Amino acid sequence: MILELDRHSHMPLYAQIAAQVRQLIRGGALKLGDRLPPNRTLAERLGVNRSTVATAYDELLADGLIASRVGSGTYIVAVPATPLRDNAIPADSSAALTPLHWETMLPELRPEEWLANRDAARRKDCVLFTHALPATELFPLDGFRRSVERVLRRDGRNLLQLGASSGYEPLQQYLLQQLALVGIRAEASEILLTSGCQQALDLLRQTLLQPGDEVVIENPTYPGALSLFCQPQYRPIGVPVGAHGLDLDALADVLRRRRPKLIYVVPTFHNPTGVTMDLAARRRLLELAAQYRVPIVEDEIYCDLRYDGAALPSLKALDRYGVVIYLNSFSKVGFPGLRVGWVVAPRLLIEHLHALRQRSDLHGNLLAQAAMADFAQHGLFQKHLQRCNRHYVQRRDVMLAALQRYFPRDASWTQPEGGMAVWVRLPECVNSDELLAQAQPQGVYFTPGPRFYVGGGQAHTLRLSFTTTTPAQIETGVKNLGKLLEKLLASSAAARGSQRAVTGKALV
Ligand code: PMP
């Protein structure tokens, strides 16, 4: 086993050893059952401390790739499942900075699908369940135009000039007041306006993570988070999501064995499943994060799109330990094209994020921030939100009823109390990519589930967004999908039948 360590790399030596062993297993140079050299031998060979090798072996042990047998040694017992999940990092860390998976940054689509969808959207007869986006026909253009005119008249020259890099102060003040109403007390020095949650998440990634670091993400999760945390220099740990959000027993198990640098969660109306963590789960998550000293990045982008049930306090509002970094934006409740979001965190962290942000684009769009502040201060934002929620609840109900009516009995789906989408589990023999390929010619589009997983997987899942389609379109689209599913299930049953017949003959 030949390993080469780069002592100038940012990546710790133990992480380099673990990454290279992983690579050797994946490449086939180390096979199942092969014995790894004892700690002392490898440490001497590499000129490192024995504890460095022991830590590397602990990592591989935690990954389930190796096992120790008392008195006999350490053996390879598994092959890494996918490159994404355990993320082999080349010894040369500069080589690790491979290009971003930029296609996942587009609204949860691959580029060719994005274009196909954009064209499809122009056709009146198409049904797009693809995007977790607001309904453009509900945008109050006149009201917003008046806000833009007012702020331009009042302060146009300053808004169009290069300005304060922390953002438009009256919007910060408005947001701090709104946050106080939901139990989040923060000072002006603890908030930064960003170009949406995505930029805030990227700034946090750059500030909190080093090459080789592990990050806990929900599995499935928002593809924009996957595109940041599944870059080759990081090691994402996907923790399953159940009916009440993140599986906390699985998380506790991960935290006992690994050392993630942050936990990213969407606790309310999670994207893509729509599920919400209840109060007890929120409290337990906070305790786990505090116990293991891992910061939580809480993305509350959907929290105001609630259609039933009582509002729950955010993790940030419940946080007595100072472990939560809070993200939100106007993208789901207002206008995503404006790119206005915010992050609330301890002052020192905000200062870091601020400096980093300046390096990238100096500051956000002041006109957009000022118009949004005016729109909110005139009560128009709340009115718009209430109107959207009235439409979205109806769309969600039509979708749930249509699923009940048209989908096969052995399919199941979530019943979100808010948010923008329903998550569907088809019978396991159906592949959602195959369903999409058949649905597209009929003008029905959705997002197959594997796009939301760390390293793919769960081919029988899919996300149906309901906010950008009318109730009539939802009814038609779900009905068409139901018919296609019926056919796919019948042909899969026929294939299984004929396979049984063939097997039967062979046995005779
Ligand atoms: N977080 C989640 C959970 C999302 O679903 C999205 C958009 N799909 C974003 C963040 C991106 O938000 P923004 O437009 O504010 O960058």
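The values are calculated or read from the model by the stated rules, or taken from the named source; none is laboratory data. In this text the structure is predicted, and so the values were computed from the model without any measurement. With ideal geometry, Cβ positions are generated from the backbone for all residues, glycine too; neighbour counts draw on all protein chains shown.
A few remarks follow.
- Qualifying residue in the stretch 357-380 (condition: outside any helix (DSSP H, G or I), surrounded by 15 or more Cβ atoms within 10 Å (Cβ to Cβ) and within 24 Å of the chain's Cα centre (by Cα)): yes
- On inspection, D433 qualifies as under 14 Å from T130 (Cβ atoms), in a helix (DSSP H, G or I) and out of contact with any helix residue (DSSP H, G or I) (no Cβ under 6 Å at 6 or more places or on another chain).
- Residue in the stretch 404-411 that is crowded, with 21+ Cβ neighbours inside 10 Å and modelled with pLDDT of 95 or more present: no
- Condition met for L251 (under 21 Å from A62 (Cα atoms), touching a residue at least 24 places away in the same chain (Cβ under 8 Å) and away from the ligand (no atom under 16 Å from the Cβ)): yes
- Filter pass, V294 being aliphatic (A, V, I, L, M) and within 16 Å of the ligand (Cβ to nearest atom): no
- Reported count of residues in the stretch 186-226, each being among the β-branched types (V, I, T) and not in a strand (DSSP E or B), is 2.
- Look at (1) within 16 Å of the ligand (Cβ to nearest atom); (2) surrounded by 22 or more Cβ atoms within 10 Å (Cβ to Cβ) and you find that I184 fails only one, number (1).
- Residue in the stretch 20-53 that is surrounded by the fewest Cβ atoms within 10 Å (Cβ to Cβ), counting only those that are within 38 Å of the chain's Cα centre (by Cα), at pLDDT 85 or above and of a type in the set (A, V, I, L, M, F, W, C): A29
- All positions within the stretch 301-351 that are within 16 Å of L262 (Cβ to Cβ) and not in a helix (DSSP H, G or I): D319, Y321, G322, V323, V324, I325, Y326, L327, V343, V344, A345, P346
- Verdict on S331 being modelled with pLDDT under 95 and under 22 Å from A225 (Cβ atoms): no
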